[in-house]
Amino acid sequence: MRNHALKFAVGLAALAVTGTAHAADLTGIWIDNTGRGAVEMTKCGANLCGHIVWVKEGTNKKACGIQIIGNAKPVGKNTWDGGWIYDPERDAKYSVELKPIGTDKMRVLGYAGSKFFSETMVWKRATTDLKRCNDTEPTPAGEKKAADQPAGEAATKTPAARPEKASPKDKTARQPEKSTGCKKYFPQTGEMISVPCGR
């Protein structure tokens, strides 16, 4: 009877350890709290990182591939902290803490400096038949893809043509004709009369 009870207790302990290990594994694809996007959590060294791999039909598909979580470090039992989470709508980064809730949910706590100023979100594990985005190449947070840039920015500007300089004018045409003689004023008649120079 004692042996049977001992085996039963060992079996429960093994199940508890197995359940804890599974709950602590946050890798995989998670649907965010809005239900409009999914993030794939992967190992980046000893830490956790996440990229958007699915968006709901009709939403912004340009978000596909953007890194949304980075460098979340294991800091305790079933807790990852010290990393960052990116908010594409606000184009801002915040600190993040990750904790599993059972086997199919994850608590995502985003905070700015202090956890007193935080927002808690609950993400759910995605189903296995979730269709990924067409473009899942990782893109650094906040960085625009070339396709997102306005067409005018990519175009090469053609320098404006410089106006041609006017050809030099013929200075000799404007030079006054040289006088061949001298003029003298006669007050009696009020006229200027040409006279030989030197007189």
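Overview of values
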| item | result |
| --- | --- |
| Any chance ASP87 is modelled with pLDDT under 95, among the acidic types (Asp, Glu) and on the phi > 0 side of the Ramachandran plot | no |
| Whichever residue in the range 36-55 is in a strand (DSSP E or B) and out of contact with any Gly (no Cβ under 9 Å at 6 or more places or on another chain) and, among such residues, is surrounded by the fewest Cβ atoms within 10 Å (Cβ to Cβ) | LYS43 |
| Answer residue from the range 67-83, given it is in contact (Cβ under 8 Å) with a residue 24 or more places away in the chain, assigned to a strand (DSSP E or B) and out of contact with any His (no Cβ under 7 Å at 6 or more places or on another chain) and is nearest to ALA38 (Cα to Cα) among those | ILE69 |
| Given (1) in a strand (DSSP E or B); (2) within 17 Å of ASN33 (Cβ to Cβ), number of the condition THR59 does not satisfy | (1) |
| Single residue of LYS99, LYS93, LYS77, LYS61 found to be of a type in the set (Lys, Arg) and in contact with a Leu (Cβ under 8 Å, 6 or more places away or on another chain) | LYS99 |
| Lone unmet requirement of (1) of a type in the set (Ser, Thr, Tyr); (2) under 24 Å from GLY45 (Cα atoms); (3) exposed (fewer than 14 other Cβ atoms within 10 Å of the Cβ) for TYR111 | (3) |
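Quick grid of which residues meet (1) surrounded by 13 or more Cβ atoms within 10 Å (Cβ to Cβ); (2) under 26 Å from CYS133 (Cα atoms):
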| residue | (1), (2) |
| --- | --- |
| ILE68 | yes, yes |
| LYS73 | yes, no |
| GLY83 | yes, yes |
| PRO88 | yes, yes |
| PRO100 | yes, yes |
| ARG107 | yes, yes |
| PHE116 | no, no |
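The values are calculated or read from the model by the stated rules, or taken from the named source; none is laboratory data. Bear in mind that the values here come from a model prediction, so they are computed numbers and not experimental data. Ideal geometry is used to build each Cβ from the backbone, glycine not excepted, and the neighbour counts take in all protein chains shown.
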